[in-house]
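Heads up, the thing below is written out as structure tokens.
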Amino acid sequence: MTEWRPTIEPGPGLIPDRILAALKADVATGVLAPNTRLPTHRRLAELLGVSVGAVTRAYAEAEQSGLVTAHVGRGSFVAGPAAGRAEPQADSGPIDLGRNVAPSAQAEARLADSFARLRRRADLAAYLDYPPPAGFDEQRRAGAAWLSRIGGGAVDWRRLICTAGAQQAIAISLAAVCRPGDTVIVEAATFTGVKALAAHMGYRLAGAAMDAQGLTPEGLEAAAASSGARAVYLQPLQNPTGRIMSLARRGAIVDVARRRDLILIEDDLYGAYASELALPTLASLAPERVFHVSGLSKSLTPGLRIGYCVTPTGAGWMDAALGALRAIAFGAPGLGALVASQWIEDGTADAILAAHRTALTERAALAQTILGDAAERPLNRAATHLWLPMSELEAERSAARALRGGVQVSPPTAALTDGSREHGLRVCLGGAPSLTVLERGLRILAGALSPGDERSLGMV
């Protein structure tokens, strides 16, 4: 590889700690492969514009933790499997291609420094009390700034509610519009979390037709006419299929919503990975009738449990959503939102997301090469998941063959609504701990799609 030149994130942390964090992140994401030779202490100091002593300390701590090995006269190297960094073996459980998460190394590498900085805050004790109903103002402002930065357009922080994850944001949005027994229109293949929520809250789901851009205007019109529903849950970047609504499609969906007086719950949780398309949110096109839902689980890390709900303009919607939040959780999150707002304000969030985009771009390209025409081609480069369309029976058989070979994918019917014609397999790209493991899993999956290839791939 070319000479390693890490990106050292700005902030108050010590330079050696930040070099070490960058080293850990690049090793974990596969940027630095085992046995890669690192720059000399003096050379890395020159590249980064720091002291040789800072590099020496970082390398020493990396060696003590088993991350690198040093050889007199030869230099420092990324530790290989013999130093305890072996890839997960076949008997450590199936390779997970079913959980839709971003690679975890970026957030992990920055967490200790973030906690250390929080400890120095003079107002830390204030966040142990109950937050205001919608969250602390500074955290709501940070959330609005983040949504604006990742492509959502200008967001009014006064209409934003901090929630414990996007799932809670969906819950309070639906509760503001629906009552038990009401019908909610969803895409024919939808987010499994909204299916679980509907079952728990007593909502009925009406699946609407999809095409290569997700929900169709005709499907929405037909579902609204047949069900009488007012609430619509939809995803402009669709899960499980990864399909993305064009600008024209978004406008057509809004036209149907206005004509039929529908309220849209727009789940834009994956929108951060399609910002290069510069597509407006549905909320920016129809702010009077869209609940905009997002969060940090997919873009940064799920452990923070931070989501955002931006309510429609007009009287009543904010109060209705806050009433639902009080009933569900009594209020907004505090400490998790504090970490999130610090990351957003100091640039850590941007750095993590940029690294995730880079890693997922590489992973998506690898997956498309291995899976070929079996996978739909996503419009966004940094795809978190791919969709493999096939019959319901073949999807079940392929998933079972893959599991026998040591690869787990999402249950094929988990996302489907009654009568859905959108059958296939979702393949998630972020959960595998490294590119090497991901490649092994994808090759096993490719063999599972073609039963005759199972023996050559070691599945039988």
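Taking the numbered list (1) within 22 Å of the chain's Cα centre (by Cα); (2) of a type in the set (Gly, Ala, Ser); (3) assigned to a helix (DSSP H, G or I) in turn, Ser410 passes all entries but (3).
Here Ala206, Ala171, Ala175 are screened, and the one residue that is touching a residue at least 60 places away in the same chain (Cβ under 8 Å), open to solvent by 10 Å² or more (accessible area, probe 1.4 Å) and closer than 13 Å to Leu262 by Cβ is Ala206. Taking each residue of the range 365-376 that is among the aromatic types (Phe, Trp, Tyr) and looking for partners that are at pLDDT below 95 with beta-carbon atoms closer than 7 Å, six or more apart or interchain, yields nothing.
In the range 118-152, which residue that is of a type in the set (Ser, Thr, Tyr) and out of contact with any helix residue (DSSP H, G or I) (no Cβ under 9 Å at 6 or more places or on another chain) is nearest to His292 (Cα to Cα)? Out of the qualifying residues, it is Ser148.
For every residue, the table says whether it meets (1) under 22 Å from the mean Cα position of the chain (by Cα); (2) in a helix (DSSP H, G or I); (3) over 21 Å from Arg230 (Cα atoms).
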site: Arg149; (1), (2), (3): yes, yes, yes
site: Ala154; (1), (2), (3): yes, no, yes
site: Ala175; (1), (2), (3): no, yes, no
site: Val184; (1), (2), (3): no, no, no
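Count of the range 50-75 residues, restricted to those that are more than 34 Å from the chain's Cα centre (by Cα) and loosely packed, with under 14 Cβ neighbours inside 10 Å, is 7. Within the range 99-123, residues that are open to solvent by 40 Å² or more (accessible area, probe 1.4 Å) reach partners that are at pLDDT below 80 with beta carbons closer than 6 Å, at six or more positions or on different chains, in the pairs Asp113/Gly13. Could you check the range 222-235 and list, in sequence order, the residues that are open to solvent by less than 50 Å² (accessible area, probe 1.4 Å) and touching a helix residue (DSSP H, G or I) at 6+ places or on another chain (Cβ under 8 Å)? Result: Ala224, Ala229, Ala231, Val232, Tyr233, Leu234. Of all residues in the range 390-405, those satisfying the criterion of being open to solvent by less than 60 Å² (accessible area, probe 1.4 Å) and either in contact with an Asp or Glu (Cβ under 9 Å, 6 or more places away or on another chain) or among the β-branched types (Val, Ile, Thr) (or both) are Arg401, Gly405.
Residues that are assigned to a helix (DSSP H, G or I) and basic (Lys, Arg) were ranked within the range 256-307; the one that is most open to solvent (accessible area, probe 1.4 Å) is Arg259. A Cβ distance below 7 Å, combined with a sequence gap of six or more or placement on separate chains, defines the contacts here; from the range 343-364, residues that are of a type in the set (A, V, I, L, M) reach residues that are in a helix (DSSP H, G or I) and surrounded by fewer than 23 Cβ atoms within 10 Å (Cβ to Cβ) in the pairs Ile344/Ala145.
For the range 345-361, what are the residues that are surrounded by 18 or more Cβ atoms within 10 Å (Cβ to Cβ) and either touching a Leu at 6+ places or on another chain (Cβ under 9 Å) or part of a loop (DSSP other than H, G, I, E, B) (or both)?
Result: Thr348, Ala349, Ile352, Leu353, His356, Ala359, Leu360.
The values are calculated or read from the model by the stated rules, or taken from the named source; none is laboratory data. No experiment lies behind these values; they were computed from the predicted model shown. A quick note on method: Cβ atoms are made from the backbone with ideal geometry, for glycine too, and the neighbour counts reach across all protein chains shown. SASA here: full protein model, heavy atoms, side chains in, ligands and nucleic acids out. Shrake-Rupley method; radii C 1.70, N 1.55, O 1.52, S 1.80 Å.
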